[in-house]
């Protein structure tokens, strides 16, 4: 049993040692499969600038159009009914009181 254990340990060490001497395979990620990072960065930079220009043009177009102006509603007397005095008096809270 000890002999079998020693042989398996020796074979594992041999396998491990041989994998260390050979060059490890280089991983290739999905993003690097077809495109370069600099190419992708340049592409998205162009898309960003084009989007900024399109948004600015759309904003200028929308702001250059006028908007309708409506007549002021009539001053209905029932909208400003004060049946009770304010706790601070008849004047406004932040107005200068002339007493």
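No lab work stands behind these numbers, since they all come straight from the coordinates. All of these numbers come straight from a predicted model, not from anything done at the bench. All Cβ positions, glycine included, derive from the backbone under ideal geometry; neighbour counts span all protein chains shown.
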| query | How far apart, in nm, are the 7 Å Cα→Cβ label points at residue 44 and residue 69? | reply | 4.7
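Which order results if 64, 8 are arranged by neighbouring Cβ count within 10 Å, fewest first?
Details: 64 7, 8 10.
Least crowded to most crowded, the residues run 64, 8.
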| field | Packing rank of 51-63, 71-83, where each peptide gets the mean count of other beta carbons within 10 Å, highest leading | value | 51-63, 71-83
